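Asks: Sharing a structure here in C-alpha cells format.
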Amino acid sequence: MESSQIADFNFSNQLKFNIQDLTSQEDSGESSDEFSPENEFLTEEHRKLYSQLTQKENEVENELEKLLSRHCHLETKIRGITKVLPNLEIIHSDAKQLYEMISFASTLAENVSHKVRKLDIARSRVSECQQRVHDLLDLQLCCDGVQTSMNSGDFEKAAAHIHRYLAMDQNLLEKTADDVHQDSKSVNNSISLLKEAAVKLQEILTSKFNDAVAKQDSNSVERFFKLFPLLGMHDYGIEKFSDYLVDKVETSSRKHMKTASETSLTDKRAAVLYSDLLTHLFEDIARTIETHQPLVETYYGPGRLLKLVCRLQDECDRASQAVLSEMWRSRGLEKLTSSIKSGTHKSRGDPKEFDQLLGELATAHSRYSLYLHFLRRKISMDTEEEKQPTVLAALEEKLKSCVLCRTMEELLSAYLILEHHYMEESVRKAIAMDTIESGSQCSSMIDDVFFIVKKSIRRASSTGSIDGVCAVINNACGVLENEMCTKLNATLKQGYPTGYLDLAQAYSMIHARLQPSDTEQAKSLFIAHLNNTEIGSEYVTTLASGLAQEVQCPTQTDRSKLEGCLSGLSSVCAAMGMAQDLGLQQLANAAIKPRLAPWIDSFLALSHNLTEEEFSSYEANEPFVRSLIANIDGIVSEFRSSLTSGNFESLVTFLADEVNSQMERVIMKMEFNRLGGLALEREVRALTGYLNSTTSMSIRERLARLGQVAKLLNMEKINEISDIWTRFNWRLAPGEVKKVLKLRVDFPKEEIMKLKL
Amino acid sequence: MEDYKFLFKVVLVGNAGVGKTCLVRRFTQGLFPPGQGATIGVDFMIKTVEIENEKVKLQIWDTAGQERFRSITHSYYRSAHALILVYDISCQPTFDCLPDWLKEIEEYASSKVLRVLVGNKIDRDDREIPTHVGEDFAQRHNMYYLETSAKESDNVENLFVKIATELMEQAKSKELPRYDEINSQNINRRTTSIDVTCCGN
C-alpha cells in the first residue's frame with residue numbers, strides 16, 4: 001500500500017515539474033519580450049517560439065491524459081497487491097523457521113561427520129596396528145617355521161614363509177622393532193634370521209634346481225621353478241627355466257637332425273626332409289611354450305612370457321640355421337638361383353623337376369609364418385591390454401633382428417626365383433605342346449596355362465607371405481602377356497586361311513607344297529586361338545576375383561597390396577582383348593569381305609525397274625535374296641559352332657555391317673521404279689529378319705541405314721518424304737536422301753532438288 | 001567408383017637406407033619418421049594429386065633396398081609407369097651402385113618407363129656427390145634429375161607432381177604401353193570384376 005502511494009506521489013510530482021518547466025520557459029519568453037520596445041509587434045521569431053510552446057503544451061496535455069487514463073488500471077493492481085500482502089508475512093515467518101531448522105541440521109551433520117572422520121582415523125590406526133601386530137606375530141612364526149621347514153626339506157613351506165616376510169614392509173618392520181622397546185632385540189633377531197634364511201633358501205633352491213636340471217627331473221625342475229618367484233627371483237627363475245627348456249628343445253632338434261641325416265634318399269619323406277625338420281623344430285618350440293605358459297602365468301604373473309620366448313627364439317635361430325644351411329647346400333639352391341638369374345640354367349627337360357623343391361620351400365615358409373603367428377598370439381594373450389603395443393613392438397624388434405627371419409626372407413627370395421622360372425618354363429612348354437581337341441572350341445594351351453598359373457599362385461599363397469603372393473601374381477601377369485598373348489597374337493596376325501585361293505596364294509601353296517589338310521589345320525588353329533583370347537579374358541577375370549577372396553590378408557595394407565597387384569591382371573585382359581580384335585578383323589577380312597562382294601554384286605544383274613508382270617515373277621522366285629541368305633547362312637553355320645559366343649556375335653555384327661555397306665554400294669548403282677522399290681524393301685526385310693535370327697542379340701540397328709534406303713525407294717509419291725522425315729531417327733544425311741531418291745526413275749529430279757529437309 | 005581419371009604405378013628403387021620410405025611417407029602422409037626401420041619386401045601407398053584440374057591417382061610401391069628382397073622387387077618393375085631411382089648425396093657407395101640399378105631396370109622394366117634419378121638427403125652437410133655429377137649421370141642415361149630432402153620436405157611434392165604431370169601428358173598422347181586410355185576402355189568393356197585402371201573417359 002505504502003509503495004503504491006509513493007509511486008503515485010512520484011508520478012504526480014513529475015507532472016508538476018514538467019508543468020513548472022513549461023511555465024518557466026513561457027516566463028522567460030515573456031521576459032525577453034519586455035526588453036523589446038515594441039511589445040505588440042511580435043517579431044517572426046517570437047511567433048515561432050510561441051507556436052512551439054503551444055505545441056509542447058498540447059503534447060504535455062496529451063501525455064497527461066494518457067497517464068491519467070492508466071490510473072484506473074493501476075488502482076486495480078494496487079488493490080490486488082494489498083490482498084496478497086498478509087500472505088507474504090506468513091511466508092516470511094515460515095521461511096525463517098525453515099532456515100533455523102536447516103542450520104540446526106547442518107551443524108548437527110557437521111558434528112557427526114567430524115566424529116566419523118575421527119572414528120575412521122582411529123579405525124585405520126587400529127588396523128595398522130593390527131597389521132603390525134600380525135606382522136610381528138608372523139615374523140615370529142616365519143622365523144620359527146622357516147627353520148623347521150628348511151630342516152625338514154619342505155621348501156614350499158619355507159619359501160612361503162620367506163614370501164610372507166618379503167611381503168612385509170621392511171621399513172615399517174624396523175620401526176616397529178624400535179617402537180617395541182622392551183622386545184626390540186627379539187624382533188631384530190628375527191629379521192636378521194629371516195634375511196639369512198632367505199639367502200640360504202635362495203642358494204639351496206638354485207642348487208636344487210640345477211641338480212634337477214642335470215638329472216633331467218622335470219617334476220623337480222617345475223617344483224623349484226614355482227618357488228623362485230616366492231623369493232622375489234622372477235627374472236632369475238625365468239632365465240634358469242628358459243635355459244632348461246632351451247636344452248630340451250636342443251636335444252630334441254639334434255635328435256631330429258640325426259634321424260634326418262640317416263634318412264635314405266628313397267624315403268618318401270626325403271623330398272620334404274628339411275621342411276619336415278623345420279616343422280618339428282617349430283612344433284617343439286610351440287609345444288614348449290604352450291605347455292609352460294600356464295605355469296609361468298600362474299606363478300610369475302602376466303607379461304613374463306616374452307623373456308622366455310626370446311630365449312627360446314635364440315635357440316630356434318641356432319637350430320633353424322643348421323637346418324636351413326643344410327637345405328641350402330643339399331638342394332643346391334645357390335647354384336640354381338644364380339644360374340636362373342644369369343639365364344644359364346639348363347633345364348633337364350621337365351619343369352616339373354622343380355615341383356617338389358618348390359613344394360618344400362613353400363611348406364617351409366608356411367610353417368614359419370604359422371610359427372610367427374603363434375608367437376604373436378601367445379605374447380598378446382599373455383600381456384595386459386594397455387601394455388600390449390609396447391610388448392608386441394619388443395617382440396617384433398626381436399623377430400626382425402633374428403637370424404631365422406633373415407634366412408627365411410632369403411629362402412622366400414630363392415623360392416620366388418624358382419617359382420618364376422617354373423611358371424615361365426611350364427607355360428612355354430604348354431604353349432609348345434598346344435593341341436586342338438575335337439569338340440573343343442579352344443586349344444589345350446588355355447587350360448594348361450591357367451592351370452599352371454593358378455597352381456603357382458596358390459602355392460605362393462600357401463607360404464603365408466603377402467609379398468610372396470604379390471610377386472608371383474606380378475610374374476604371372478608378365479608370363480601371360482609375354483608368352484601367351486604374344487603367341488596368340490602371332491597366330492592371329494597371320495590371318496585366317498580361307499582355302500579360297502587367289503592366284504598369289506595358289507602360287508605360294510605350290511611352292512610350299514601345302515596340302516589342303518594343312519589349310520584345314522591352320523584354319524582350326526586360327527579359330528582355336530581366337531577363341532582362346534575370349535576364354536582367356538574370362539579366365540583372367542575369374543582368377544582375379546577368385547584370388548581376391550581366397551588369399552588371406554591379415555592387415556588392411558596387405559589387402560590393398562594384393563588388390564594393387566590383382567589390378568595388374570587387367571593389363572593381361574587388355575592384351576587379350578587387343579589380340580581378339582585383331583583376330584576378328586583378320587577373320588572378317590578373309591572369310592567375309594571377299595566372299596560377300598561377288599554375292600552382292602549379283603544384285604546388279606537384276607533390274608529393279610519392273611513391270612507388274614516382272615514384279616510378280618520376281619516376287620515368286622526371289623532370285624537375289626534367297627541365294628544371298630543361303631550363302632550367308634553357309635558362313636554363319638560354318639562359324640556358329642566353332643566360335644565362342646562372344647566371337648560369333650562379333651562376327652555376325654561384322655557381317656551385318658558389311659552387308660549393310662555393300663548393299664548400299666550396289667543399290668546406288670541401280671535404278672528403281674515403284675515396284676522395284678517394293679521388291680527391294682521386301683528383300684531388305686528378309687535379309688534383316690534372317691540376320692537377326694542368327695544370334696540372341698539384336699542386329700537390326702546395324703542394318704538401319706539399309707532399311708531406310710529401302711524405305712525411301714519404296715515411297716509411292718515423292719511428297720511422302722515430308723511425312724516420314726520427322727518420324728525416324730535418320731541415319732542418312734539430307735544430301736544422301738536426295739541421292740537415293742534420284743535412283744527412282746519415276747521421281748522428277750527438279751522436285752527432289754526442291755525438297756527441304 | 002572412385003573419382004580419378006588416371007592411375008599410374010610409381011616404383012621407388014635404390015640402395016638400402018637412401019631414404020625411399022621417408023620420401024614416400026613425406027609425400028603421402030607429410031611425416032618424417034625418424035629411426036625408420038628397413039622396409040620388408042614392399043610397402044604400398046596411394047595418393048591422389050590434382051593436375052590441371054584432373055585427378056591423378058598414384059599407386060606408390062616402396063621397395064626394400066636390401067639384396068634379399070630383390071626377387072620381390074623385380075616383379076614390380078614390369079608394370080611400373082615411373083621408376084624413381086634414389087641415392088644418398090652424402091654416401092658415395094649409393095651413387096656408385098647406380099649403374100647396377102640401371103642394368104636391372106633395363107632387364108625387367110618396360111622400355112618406355114619414365115625414369116627419374118633422385119639425390120636425397122640434401123639437408124646434410126657432409127655432401128659427397130656434387131649436384132652436377134648427379135645431373136651429368138642423369139643426362140647421360142636419359143633420366144630426369146632432382147635433389148630432395150625428405151627431412152626438410154624439400155622438392156618432395158615437386159618430384160611426385162612432376163612425375164604425375166609427365167605421365168599424364170604421355171597418357172594423353174597415347175604413348176603409354178599399358179593401362180592407357182584405349183586399353184582401359186577395353187578392360188571396361190571386357191571385364192566387370194577386375195579393378196578398372198582408369199575411368200571417366
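The values are calculated or read from the model by the stated rules, or taken from the named source; none is laboratory data. From a predicted model like this one, the values you see are computed outputs, not experimental measurements. Cβ sites come from the backbone with ideal geometry, for glycine too, and all protein chains shown count toward neighbours. Just the protein is used for accessible areas: all its heavy atoms, side chains included, with ligands, DNA and RNA removed. Shrake-Rupley method; radii C 1.70, N 1.55, O 1.52, S 1.80 Å.
Asks: Would you grab the residues whose amide H sits under 5 Å from the one on B:Gly14? Only those 5+ places off in sequence or on another chain, please, with H modelled 1.01 Å from N.
Replies: Sorted by chain and number, the residues that satisfy this are B:Val86.
Asks: Continuing with the same structure: Efficiency by 1/(1 + (r/R0)^6): what FRET value for B:His132 and B:Gln29, r their Cβ-Cβ distance, R0 = 30 Å, to the nearest 0.05?
Replies: Result of the calculation: an efficiency of 0.40.
Asks: I'd like to check one number: the per residue accessible area of the protein assembly as shown, probe 1.4 Å, reported in Å² as a whole number.
Replies: Per-residue accessible area for the protein assembly as shown comes out at 52 Å².
Asks: With each label point set 7 Å from Cα along the Cα-Cβ vector, what nm distance links A:Asn219 and A:Glu716?
Replies: Simple spin-label model gives 11.8 nm for this pair.
Asks: If you don't mind, another one. List, in order, the whole-Hz ³J(HN,Hα) value for each residue of the range A:632-641 obtained from phi through the Karplus relation with A = 6.51, B = -1.76, C = 1.60 and θ = phi - 60°; use x for Gly and Pro.
Replies: Each residue's phi maps through the Karplus curve to give 4, 4, x, 4, 4, 6, 4, 9, 4, 8 Hz.
Asks: Quick one: Cα convex hull volume of the range A:576-624, Å³ per residue?
Replies: Convex hull of Cα atoms, per residue: 93 Å³.
Asks: Sort A:726-732, A:246-252, A:531-537, B:154-160 for me by packing, meaning the mean count of neighbouring Cβ atoms within 10 Å per residue, highest on top.
Replies: A:531-537, B:154-160, A:246-252, A:726-732
Asks: Same structure again: Dimensions of the range A:600-757 along principal axes (Cα, Å, largest first)?
Replies: Extents along the principal axes: 53, 35, 21 Å.
Asks: Could you give P(r) for the range B:79-181, binned at 10 Å from zero, as whole percent values over all Cα-Cα pairs?
Replies: Computed distribution, short to long bins: 15, 44, 32, 9, 1.
Asks: Here's a follow-up. Compute the whole-percent fraction of alpha carbon pairs in the range B:19-101 spaced more than 17 Å apart.
Replies: 55 percent
Asks: Over both sides of the A-B contact, add up the buried accessible area with a 1.4 Å probe and give it to the nearest 100 Å².
Replies: 2700 Å²
Asks: So what is the 222 nm mean residue ellipticity for the protein assembly as shown from helices alone, if each DSSP H run of at least 4 adds -39500 (n - 2.57) and you divide by all residues, rounding to the nearest 500 deg cm²/dmol?
Replies: Computed ellipticity for the protein assembly as shown at 222 nm equals -23500 deg cm²/dmol.
Asks: Find the relative contact order for chain A and round it to a whole percent, using C-alpha pairs within less than 8 Å whose residues are 6+ positions apart.
Replies: Over chain A, the number comes to 7 percent.
Asks: Starting at 0 and stepping by 10 Å, how many percent of the alpha carbon pairs of the range A:367-450 end up in each bin?
Replies: Per 10 Å bin, starting at 0, the Cα pair percentages come out as 15, 26, 18, 15, 15, 10, 2.
Asks: Hey, any idea what the orientation-averaged projected area of the convex hull of the range A:358-513's Cα atoms comes to, in nm²?
Replies: Seen from a random direction, the Cα hull of the range A:358-513 projects 14.0 nm² on average.
Asks: While we're on this one: Would you mind working out the magnitude of the charge dipole of the range A:275-421 relative to its Cα centre, with +1 at each Lys and Arg C-beta and -1 at each Asp and Glu C-beta, to the nearest 20 Debye?
Replies: 360 debye
Asks: Rounded to the nearest Å, what's the spacing between the alpha carbon centres of the range A:69-119 and the range A:632-656? Just the number, please.
Replies: 104 Å
Asks: Moving on. For the protein assembly as shown, what mean projected area does the convex hull of the alpha carbons give, in nm²?
Replies: The directionally averaged projection comes out at 94.7 nm².
Asks: Here is a follow-up. Using only the alpha carbons of chain B, what is the convex hull's orientation-averaged projected area in square nanometres?
Replies: Its average projected convex-hull area is 11.4 nm².
Asks: Residue by residue through A:465-475, how many Cβ atoms from other chains fall within 10 Å of the Cβ on average?
Replies: For peptide A:465-475, the averaged partner shielding equals 5.
Asks: Write down, largest first, the equivalent ellipsoid semi-axes of the range A:551-611 in whole Å, where each equals the square root of 5 times an eigenvalue of the alpha-carbon gyration tensor.
Replies: 56, 12, 6
Asks: Ignoring ligands, DNA and RNA, what percent of the 1.4 Å accessible area of the range B:27-149 is carbon and sulfur?
Replies: 47 percent
Asks: Quick one: of the DSSP bridges fully inside the range B:1-67, what percent are antiparallel, nearest 5?
Replies: Counting only bridges with both partners in the range B:1-67, antiparallel ones make up about 60 percent.
Asks: Give a residue-ordered list of calculated ³J(HN,Hα) values for the range A:139-144 (Karplus: 6.51 cos²θ - 1.76 cosθ + 1.60, θ = phi - 60°; whole Hz; x for Gly, Pro).
Replies: Each residue of the range A:139-144 in turn: 4, 4, 4, 4, 3, 5 Hz.
Asks: Enter the mean number of other protein chain beta carbons within 10 Å of the beta carbon of each residue in A:572-578, as an integer.
Replies: 6
Asks: Also, I was wondering about something else. Over chain B, with a Gaussian network built from C-alpha contacts below 10 Å, which listed residue (B:Ile105, B:Ile89, B:Ile46) shows the highest mean-square fluctuation?
Replies: B:Ile46
Asks: Take every DSSP beta bridge whose two residues both sit in the protein assembly as shown, then give the antiparallel share in percent to the nearest 5.
Replies: Here the antiparallel bridges make up roughly 30 percent for the protein assembly as shown.
Asks: Taking H as built 1.01 Å from N, whose amide H comes closer than 5 Å to the amide H of B:Glu147, not counting residues under 5 places away?
Replies: Result for B:Glu147 returns B:Gly119.
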